[in-house]
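Each remark here refers to the structure printed beneath this line.
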Amino acid sequence: MHHLQLKFAALLASAAAVSCQNYAQLARKLSSTAHIYQPGSDAFNAAVLRWSNFSTPVANVVVVPGTENDVVETVKFANVHSLPFLATNGVHGSISTLGKMTHGIEIHMSQLSSIAVAQNGLTATIGGGVLSKNLTDALWAVGKQTVTGTCECVGYMGPGLGGGHGWLQGRYGLISDQYVSMNVVLANGSLITVDQRSELFWAMKGAGHNFGIVTSITSKIYDIQHPNYAMETLIFSGDKVEAVYALANQQWLTDGASMPVDLINWSYWYFDPTTDAEKPVIAFYIIQEGVQTVDAAHTNPFLQLGPITTQAVSGTYRDLAGWTGISLSSTPCQKTGNANPRFPIYLKSYNSTAQREVYDIFCTATTAPSSPFSNALFMFEGYSQQGVKAIGQDATAFAYRADNLLVAPLLTYTPNGTLVDAIASKLGNTMRNILFLGSGESSLNTYVNYAYGDETPVAWYGSDSWRQDRLCALKEDFDPRGQFSFYAPIV
Ligand SMILES: Cc1cc2nc3c(=O)[nH]c(=O)nc-3n(C[C@H](O)[C@H](O)[C@H](O)COP(=O)(O)OP(=O)(O)OC[C@H]3O[C@@H](n4cnc5c(N)ncnc54)[C@H](O)[C@@H]3O)c2cc1C
Ligand SMILES: *[C@@H]1O[C@H](CO)[C@@H](O)[C@H](O)[C@H]1NC(C)=O
Ligand SMILES: *[C@@H]1O[C@H](CO)[C@@H](O)[C@H](O)[C@H]1NC(C)=O
Ligand SMILES: *[C@@H]1O[C@H](CO)[C@@H](O)[C@H](O)[C@H]1NC(C)=O
Ligand SMILES: *[C@@H]1O[C@H](CO)[C@@H](O)[C@H](O)[C@H]1NC(C)=O
Ligand SMILES: *[C@@H]1O[C@H](CO)[C@@H](O)[C@H](O)[C@H]1NC(C)=O
Ligand SMILES: *[C@@H]1O[C@H](CO)[C@@H](O)[C@H](O)[C@H]1NC(C)=O
């Protein structure tokens, strides 16, 4: 063998030997329910598989803590050995900054899955590894609910750390607005309780990924008051873009009326050749709380625009994810091996001219022969906002309470080298920029939890300089070495 090869082989062998010994040391410090998965094992492969196969974090080992203290020990161990680490839960995080993790420990939170409702019925304490649907179901069983993300397979904690949108935000505010206190493992391995007395509390509600690993959160919960929901789906042909979005804006502007708290509208654009062989359709969803059928006053103006098809469904809160294609069995909950970048922008209202320009580009991208983006989905989320706007703009690190609509193309494609990655990035940014120019806003406002990764901290956390200053100062205090900087780093 070549001298260099020999040396390399010896190096590899010694690295492996040292690492095995080290992890045995770690194992002795962990509870009996903790797991350590080594590369090559099925358990390791399953744990590192992600929703989006683009710019993914790379780990050499997966630790599955069985207790809060296991998280502490794992972080301390990582620090002693100068290893990077990253908490994961629902693995739906897709921001490209995650790809900056090239080795180290994935701390998979799934076993911290406890949900305990307080005796007074006003709060629940929720483990850092709980998934959205598990929480909804557990609370529902005792006649309670709280704000969670809409998608069943996404983590409960992940969305909230960036603010957190959900069906109930019009009533109660964002997911993070419900937080009462949380247990957090800091970069140096200290476990602290963070609540309104701590400066960190403000930052955890919108920029939380930057500061620690949350082992549990105590959240406000509510009695279920409106279990029933109805939804009307109206599928429009793409030539109705201007009319549909002019109406989506206008309905609540007349008489200065505000959007009712019991109403949500979402729409998707996607290419479905069985409905329209030439261009993507507009699927417009009108969702109403507490009814069996959506009020005709809400649906009639849209019906007058002449949809291709309409469909009405009724059921309960727990059916919403299935109706909107984000339940456990829906495509977005499967790990397909596809890259799933989004290019989000918050808007105050729709600009029909910009909607048309973007639609035409999206149309070409989804219908061109052999385009990699034929399965792309453009998402327009219009939640009710009362609960979000009732809370002060400066009250939390989430910066975008003044906006009304969360809009993003999801450019699903099969990975195939850096060329298609670059095309996706250009396409997504081009469409987003058209919406930005049409908005008349001076800063790009993006949802950190949908972010592509090339946005700036200003776009993720707000353009007010006091926000950046405050976050930077906290980062310096709590994470001076930037160990929590793989997900949308402040600095
Ligand atoms: C199909 C789909 C639907 C979505 N729906 C919604 C929605 O309705 N509302 C909404 O607001 N967002 C939604 N999102 C976006 C969602 O907020 C982010 O994708 C989020 O990062 C997912 O969290 P996760 O636990 O599933 O992912 P992960 O990749 O496991 O986690 C994402 C990041 O969160 C951090 N993290 C996770 N758990 C912890 C913890 N316990 N302590 C500290 N840090 C932690 C880590 O930095 C990690 O990199 C959706 C995304 C998808 C793909
Ligand atoms: C969470 O829900 C999933 C799917 O419904 C289920 O398989 C799993 O056992 C639940 N986990 C816990 C801890 O209850
Ligand atoms: C992710 O994409 C790469 C190509 O970039 C491919 O080799 C790999 O098989 C994909 N992963 C999955 C789980 O499909
Ligand atoms: C859709 O929701 C957004 C956000 O709340 C709102 O501004 C808009 O008026 C709504 N449109 C309809 C038709 O409900
Ligand atoms: C991958 O890219 C090559 C050219 O770089 C192309 O020939 C091939 O068809 C692509 N494959 C897929 C699955 O898109
Ligand atoms: C809508 O967008 C177009 C195209 O960017 C722009 O010219 C126009 O001023 C925008 N309209 C409003 C009301 O902002
Ligand atoms: C860990 O960091 C926190 C926040 O900076 C600090 O208050 C605490 O003293 C540190 N703990 C140790 C053991 O250094």
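Some points to look at:
- On a per residue basis, the chain carries 41 Å² of accessible surface, using protein heavy atoms and a 1.4 Å probe.
- Gain in span if fully extended, S329 to D394, counting 0.36 nm per residue against the direct Cα distance: 19.6 nm
- Extension gain, L437 back to L419 (0.36 nm per residue minus Cα-Cα distance, nm): 3.8 nm
- Solvent-accessible surface of protein heavy atoms, probed at 1.4 angstrom with all chains present, puts W466, W323 in the order W466, W323, largest first.
- The accessible-area ordering, largest first, of the residues R342, R28 stands as R28, R342, per a 1.4 angstrom probe.
- When only Cα pairs below 8 angstrom with a gap of at least 6 residues are kept, the chain shows a relative contact order of 16 percent.
- Per-residue surface analysis assigns K335 an accessible area of about 100 Å², computed on protein heavy atoms at 1.4 Å probe radius.
- Of E476, E199, the order by accessible heavy-atom surface (1.4 Å probe, DNA, RNA and ligands excluded), from most exposed downward, is E476, E199.
- Checking Cβ-Cβ separations below 4.7 Å across the chain identifies C20, C151, C363, C472 as cysteines lacking any candidate disulfide partner.
- With θ taken as phi - 60° and the Karplus curve 6.51 cos²θ - 1.76 cosθ + 1.60 applied, the whole-hertz 3J(HN,Hα) list for segment 158-164 is x, x, x, 5, x, x, x Hz, x standing for glycine and proline.
The values are calculated or read from the model by the stated rules, or taken from the named source; none is laboratory data. What you are looking at is a predicted structure, and each value in this text was computed from that prediction instead of being measured. Positions of Cβ are generated from backbone atoms using ideal geometry, with glycine treated the same way; all protein chains shown enter the neighbour counts. What goes into the accessible areas is simple: the full protein's heavy atoms, side chains included, and nothing from ligands, DNA or RNA. Shrake-Rupley method; radii C 1.70, N 1.55, O 1.52, S 1.80 Å.
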